[in-house]
Amino acid sequence: MKELKSLGQAEMIGRGLQALYRELGPVDARRFLALAEGMPREDSVKRHRRWQAGLEKEAFIRRVMAAQRA
C-alpha cells in the first residue's frame, strides 16, 4: 500500500497557485481566486455528510480498490 504524504501549507498553496496559473492563465486564475474569496464557507462536516448521503458506497469502494491496484 502506498504511503500518503501531506504537503506543508506553504508548498500546497504555491503548487495550487502554479496549477491555476498554468491551466487558466494569469487573468482567469485571478478571476477564479476573486470568485472563491466571495463564496460562502460551508462547514466541512456538513459538506462531508451531504457527500456521504449521496454516495454509492459499493461503487466507491470498487473505484478506490481499483485505483490502489493500478
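Just so it is clear, none of the values below were taken in a lab; they were calculated from the coordinates. Note that the structure is predicted; figures quoted are calculated from it, not measured. When we count neighbours, we look across all protein chains shown, and the Cβ atoms used for this are built from the backbone with ideal geometry, even at glycine.
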Next on the checklist: Can you report the number of residues in segment 32-62 which are charged (D, E, K, R), in a helix (DSSP H, G or I) and exposed (fewer than 10 other Cβ atoms within 10 Å of the Cβ)?
Outcome noted: 4
Next on the checklist: I'm told L7 meets every condition in (1) without any contact (Cβ under 8 Å) to a residue 24 or more places away in the chain; (2) outside any loop (DSSP other than H, G, I, E, B) except one. Can you identify the failing condition by its number?
Outcome noted: (2)
